[in-house]
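Novice: My questions will all concern the structure given below.
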Amino acid sequence: MTSKILQKSINEFFEVKQLSDQTILKPNRKVKMKILDEGLMQTAICRSNVGRIDEKELKLEYRGHNVRELANNYSFSDVVYLLITGKLNSEGSEEFLDMLHNNYLSALKHIEKLSPVIFDTTPTDFLAIAVLSSQNKWLSDHSIKTKDERLIITASILATIAAAIAIYVQKYATSEPVFRTFFDTKHRFFASFLATCFGQQCDDVAEEMLNKFLILHAEHGLNCSTATVRAVASSGADPFNAVTAGICAFSGPLHGGASEEVGLMIDDIHDNSKNISTFIDELIERKQRLMGFGHRIYKQPDPRASYMSDILVKQKAKFDVISSYVNISQELASEVSKRPYFSQRGLYPNPDLFNGVLLRRAGFKSHMNTALLCFSRTAGWLAHYYDSIDSKAPILRPQELYL
């Protein structure tokens, strides 16, 4: 059978296109054939212009805008508006920020009723429960068609997640209802959010670092959780269910859950005054993975990690209050860079090595890292959800190879 197939032209099985430096093969559906691509590493399941990862030039773009430019010059609300509408529009972003603020006030009161379940859940579990519990309040039907409707839904889901994070942080610390400590700074949503989390006004640097963190992680192509969201969208399910599915996928230790593990590793090094060179030697000897290094796509330094590393070096004074944590992340990166063991395997710092440092400067402990990544990535998830709806693609139905 194999020899017969090889004798035939590839054009009998595929429509072949050359796009830039990629060869695109579109299967001929009239031919009974299965393609085995475990992990879908070379299979495109959709067409999209939401985000672009340039592995050669080490660039990440949202709707054609470099993430570095966005992190330097815009707010997270600007980036959410860009991802959902395709436009960088300051007026539209201000309107969206008002939606986010108003929904947040309402969500705090709603989500606070769920606080008794906090002590039996992880932060990401609580986010999933919160999003699903808010579904009926905001959705009257499953037709989310206009951009305004989409922005309203986006604001409501992001506000729900923000409220769930704030209540989890505050309840975890004090067991007091969080919304009573809310500070009404309407046009500085993240100042309000941080004040709700910690019961006091934050400084400008905390707000700035949270904003940069959220922008850097808002979108990253068709990773596991985003593919999950698109799969749920293809079934016709509403965005609340799709985002909940994304949170569940993201929480896994091989995906977003790795950020929490890196944070806890740095905490362990910090709290026990471990020697970093010895720590790495012991991991290699035990054939264990050093968390915070390596990425499935990037075999060179991840552009998001490079950006955060630059901040820690060039704006060092802003991190004086957590300098010991900054030093550990930088020493880990420096020690790894000296070792051929890592460079030969294409293992360079990934964002998880620095995520916890930015978040700790904003006031958060390591166990909240993954939940805050979910907050950020929800913007990209919803952009892909709506993109899937607009494409009118068929319900996702991959094949299996039964053995």
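Just so you know, all these numbers are worked out from the coordinates, no wet-lab data involved. Keep in mind that what you see is a predicted model, and the values were worked out from it rather than measured. Cβ atoms come from the backbone with ideal geometry, glycine included; neighbour counts cover every protein chain shown.
Novice: Taking 7 Å along the Cα-to-C-beta vector as the label spot, tell me the D21-N89 distance in nanometres, rounded to one decimal.
Specialist: Those two pseudo-labels are separated by 3.6 nm.
Novice: Given a 10 angstrom Cα cut-off, can you work out which residue in A237, A383, A218 is the most mobile in a GNM of the chain?
Specialist: Of A237, A383, A218, the most mobile in the Gaussian network model is A237.
Novice: Here is a follow-up. Please give me the summed charge of the neighbours of I311: other residues whose Cβ is under 15 Å from its Cβ, Lys and Arg +1, Asp and Glu -1.
Specialist: Details: positive: R68, K212, R304, K314, K316, K318, R360, R361; negative: E69, D204, E207, E208, D302, D310, D320.
Net local charge, I311 excluded: +1.
Novice: How far apart, in nm, are two points set 7 Å out from the Cα along the Cα-to-Cβ line at I276 and at D203?
Specialist: Calculated label separation equals 2.3 nm.
Novice: Here's something else I'd like to know. Rounded, prolate or oblate for segment 183-308? Axes are the square roots of the Cα gyration tensor eigenvalues, ordered a ≥ b ≥ c, and the cut-off for rounded is a/c under 1.5.
Specialist: It is oblate, given that a/c is not under 1.5 and a/b is not larger than b/c.
Novice: Under 18 Å between alpha carbons, and skipping anything fewer than 8 positions from K137 in its own chain: which aspartates and glutamates qualify?
Specialist: List returned: E112, D148, E149, D238.
Novice: I'd like the Karplus ³J(HN,Hα) series for segment 154-169: coefficients 6.51, -1.76, 1.60, θ = phi - 60°, whole numbers in Hz, and an x wherever there's a Gly or Pro.
Specialist: 4, 4, 5, 5, 4, 5, 4, 5, 4, 5, 5, 5, 4, 5, 4, 4
Novice: Amide H to amide H, which residues 5 or more places from F293 or on other chains are under 5 Å from it, using H placed in the peptide plane?
Specialist: Amide H to amide H, under 5 Å and 5 or more residues apart or across chains, F293 pairs with N350.
Novice: Further question on the same structure: Between T122 and K32, what's the calculated FRET efficiency when r is the beta-carbon distance and R0 is 41 Å? Round to 0.05. Before the final figure, lay out each step's value.
Specialist: Working: r = 45 Å, r/R0 = 1.09.
Using R0 = 41 Å, I get an efficiency of 0.35.
Novice: Also: Using helices alone, I'd like the mean residue ellipticity at 222 nm for the chain: each DSSP H run of four-plus residues gives -39500 (n - 2.57), total over residue count, nearest 500.
Specialist: Numbers: 18 runs with 225 residues, N = 403.
Taking each H run of at least 4 residues, the total per residue is -17500 deg cm²/dmol.
Novice: Could you run the Karplus curve 6.51 cos²θ - 1.76 cosθ + 1.60 with θ = phi - 60° over segment 320-332 and give me ³J(HN,Hα) per residue in whole Hz, x for Gly and Pro?
Specialist: Values per residue, Gly and Pro as x: 4, 5, 10, 4, 5, 6, 4, 4, 5, 4, 6, 5, 4 Hz.
Novice: What is the sum of charges, Lys and Arg at +1 and Asp and Glu at -1, for the other residues whose Cβ falls under 14 Å from the Cβ of S259? Write down the numbers at each step before the final one.
Specialist: Working: positive: R304, R360, K365, R377; negative: E260, E261, D267, D302, D352.
With Lys, Arg at +1 and Asp, Glu at -1, the net is -1.
Novice: Right, next: Distance cut-off 29 Å, Cα to Cα: go down the list K212/K365; K113/K318; K87/K171; K299/K392; K59/K318 and report the pairs above it. Intermediate results must be reported in sequence, preceding the final value.
Specialist: Values: K212/K365 17 Å; K113/K318 37 Å; K87/K171 38 Å; K299/K392 34 Å; K59/K318 26 Å.
Over 29 Å apart, Cα to Cα: K113/K318; K87/K171; K299/K392.
Novice: What does the C-alpha gyration tensor say about the overall shape of segment 257-361? Classify as rounded when a/c is under 1.5, otherwise prolate if a/b is larger than b/c, or oblate.
Specialist: On the way: a/c = 1.67, a/b = 1.21, b/c = 1.38.
The shape class here is oblate.
Novice: Using θ = phi - 60° and the Karplus curve 6.51 cos²θ - 1.76 cosθ + 1.60, what whole-Hz ³J(HN,Hα) does each residue of segment 240-249 get, with Gly and Pro shown as x?
Specialist: 5, 5, 5, 5, 4, 4, x, 4, 4, 5
Novice: For the chain, set up a GNM with springs between Cα atoms under 10 Å and report which of T122, T43, T23 has the largest fluctuation.
Specialist: T23
Novice: Further question: For the modelled label position 7 Å from the Cα of L401 along Cα-to-Cβ, which residues of segment 39-71 have backbone nitrogen atoms closer than 15 Å?
Specialist: Residues 39-43 fall inside that zone.
Novice: With the dipole of the chain worked out from charges on the C-beta (+1 for Lys and Arg, -1 for Asp and Glu) around the Cα centre, which of Q300, G356, G92 lies farthest toward the positive end?
Specialist: Selected residue: Q300.
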